[in-house]
Structure formats: structure tokens, C-alpha cells
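Let me begin by presenting the structure, written as C-alpha cells, before commenting on it.
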Amino acid sequence: MSQAELPSDWRTFAADLFTHHDPVLQRLARQNPSVDREDLHDSFVKAILEIASNPEKFDTSRETRIEDFLAGASQRALMQILRTHRRRKKREEKKAEAVANDPPAARPVLDTVADCELAQQARAVAETDEERNVLRLWELGYTDAEIGNELGLMGDGAKRIRDRLTQRLRRMGKGFDD
């Protein structure tokens with residue numbers, strides 16, 4: 001597009017381009033049927049912003065329709081958006097996998113030693129078999145919810161037992177939170 005054909009204000013130019021929103025999005029949706037409509041819209045907006053910032057990209061001498069040009073630019077922007085989504089999803093999966101597969105043995109040695117000492121002290125104050133069972137599962141790395149399910153405790157039973165043990169340990173000068 002020559003400088004003479006450009007509107008004086010880039011916002012006006014972007015607004016003119018935005019009039020092609022629906023036909024371009026329909027075209028993108030046909031080409032990418034499994035892609036979310038929001039991502040299609042975002043790619044169109046990103047393409048408009050790129051073109052508005054550098055209007056010389058659209059060359060009228062090529063006799064390309066503006067709608068075709070926008071569809072191509074939107075498709076390129078969509079590929080960038082989808083790559084970003086894939087990378088984010090992969091990072092989140094890696095984090096979730098690391099948390100799920102984090103055995104107690106993988107923790108730093110000092111944490112393991114501190115937990116062992118604390119568990120020994122907690123065993124000394126455990127008064128019932130239920131408390132000792134909660135402690136054993138806690139040592140294995142189970143969460144309160146998992147302990148509750150494993151032992152068939154109602155509601156937040158495991159948390160109440162752990163809190164009871166914590167109070168006894170605090171009276172001794174130690175606690176699970178230390």
C-alpha cells in the first residue's frame with residue numbers, strides 16, 4: 001500500500017482492517033476447526049497490529065485482496081499463539097509430573113533428617129494406633145487428604161490428628177511446622 005493510500009491515522013487504518021474480522025475468522029475456523037475461537041480472534045488482532053505498525057507489508061501492486069492478506073497474516077500469528085500454548089502446557093505438565101514423582105528420597109538430605117527426628121519425637125507422643133498410622137503415612141509423604149482416604153477418616157480427620165500431635169510436640173518445644 002503506498003503512503004498516499006494510507007489513512008493519516010493508524011487507528012483508522014486498523015479500524016478499516018477490522019471490518020474484515022468476520023470473513024477472515026470464518027476462513028480461519030474452516031482451516032483450523034479444532035482451535036478455540038478466542039485464539040482465532042487473538043491471531044486476527046495480532047495480525048492487524050502488525051500490519052498497522054508496518055502498513056507497507058500490504059503491497060497493492062501484487063493485486064492481493066486485503067481479506068486474503070489478513071487471512072495469511074492471521075494464520076501466521078495463530079501458529080505463534082499455538083506454539084506458545086504448547087510450550088506452556090508442556091511446562092505445566094513437567095511441573096505436575098515433578099510434583100507427582102517427587103519421592104521423599106529425592107528431597108535434600110537435611111529435610112529428610114529433620115523429618116526423621118521429628119517423626120521419632122512424634123511417635124513418642126502418639127497415644128493411639130490411629131495417631132501412629134497417621135504418622136506412618138505422613139512419613140511416607142502422604143497428604144492429609146490421602147491419609148484420610150487411606151484410613152477411612154471422615155472429613156478432615158487426618159488434619160485434626162496431625163494438629164493434635166503438633167500441639168503435643170509444641171508443648172515439648174517441637175512442631176511439624178519447624
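The values are calculated or read from the model by the stated rules, or taken from the named source; none is laboratory data. Predicted model, so just to flag it, every value in this text is computed and none were measured. Here the Cβ is made from the backbone with ideal geometry for all residues, glycine too, and neighbour counts use every protein chain on show. Just so you know, the surface numbers come from the protein's heavy atoms only, side chains and all, with ligands and any DNA or RNA stripped out. Shrake-Rupley method; radii C 1.70, N 1.55, O 1.52, S 1.80 Å.
Expected output is a single nm value to one decimal: the length gained when fully extending between R65 and V35, i.e. 0.36 nm times separation in residues minus the C-alpha distance. What is it? Show your work: numbers first, answer last.
On the way: separation 30, 0.36 × 30 = 10.80 nm, distance 2.47 nm.
Taking 0.36 nm per residue and subtracting the Cα distance, the gain is 8.3 nm.
At a Cα cut-off below 18 Å, give the lysines reachable from K57, other chains included and same-chain residues fewer than 8 away excluded.
Partners found: K46.
How large, in percent, is the carbon and sulfur part of the accessible surface of the stretch 41-95 at a probe radius of 1.4 Å? Walk me through the intermediate numbers first.
Details: 1810 of 3640 Å².
That share works out to 50 percent.
What distance in nm lies between label points placed 7 Å from Cα along the C-beta direction at T143 and E130?
Each label point lies 7 Å from its Cα, and together they span 2.3 nm.
If you take the Cα atoms of the stretch 13-89, find Rg, then find the Kirkwood Rh from the mean of 1/r over all pairs, what is Rg/Rh? Let's see the in-between values first.
Numbers: Rg = 12.4 Å, Rh = 12.7 Å.
Result for the stretch 13-89 is an Rg/Rh of 0.98.
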